[in-house]
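Every number in this text was worked out from the coordinates using simple rules, so none of it is lab data. Values in this document were obtained by computation on a predicted structure and should not be read as measured data. With ideal geometry, Cβ positions are generated from the backbone for all residues, glycine too; neighbour counts draw on all protein chains shown.
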Amino acid sequence: MMTPTPSPPKALHRQGGFVTILAVLFVILFVFFILTKTLSLLGNKSIDSVQYLNGMKALFIAESGAERAVGLISNMVSADDSQLDAACAASKLDNSNSATPIAFAGGTITYASSISPPAPVGTCDVRVTGTLNSAQRTVQTRVDVSSEIGTAGYGHSISMQLANNTNVPGVAVFNLAWRR
């Protein structure tokens, strides 16, 4: 003969799934916490990426400012290299002959008016700061117009032809160098 199974005590019937509700709430809070932290990390990565890209663009703007200055100096001293000091001073000015920042590619180019220690005689130091939003990058270059005659390539004509397929005005500055 089979014995009947005893019924659970009445106290268990009164819980009515309270423990299950607590477990579900705990799981929901845990998932919410994980999602909040994940979104926070993704937001920080996005901000870091924007700051990195702004820094890179500011560096490119500064390098463009240095190339602009080298181009201006090169044009001014091409006929008479005794004009280096005047060319060096003029290269650090904007198109209206003032030292205000020059707008370029969504940012600004700023030239340092004085650099310490001063450049050796016969050279011109150019320090340029590129700025884009809150990012700033500074580059410095030294222009030397003295002649160096070497043996490599002597007597050969070197030429380069640039194709301008888009028919827009442009400037090319060449820095031909040979290192041993």
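Key figures
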read-out: Within-14-Å neighbourhood charge of ARG68 [Cβ basis; K, R +1; D, E -1]; value: -1
read-out: Cα-projected label distance for ASP94 with VAL50, points at 7 Å along beta-carbon direction, nm; value: 2.6 nm
read-out: Protection-proxy order for peptides 69-77, 44-52, each taking the mean of Cβ atoms within 10 Å per residue, highest first; value: 69-77, 44-52
read-out: Residue-count net charge about THR123 - beta-carbon cut-off 9 Å; Lys, Arg +1, Asp, Glu -1; value: -1
read-out: Gain in span if fully extended, ILE21 to SER40, counting 0.36 nm per residue against the direct Cα distance; value: 4.0 nm
read-out: Neighbourhood net charge (14 Å Cβ-Cβ; Lys/Arg +1, Asp/Glu -1) for SER134; value: +1
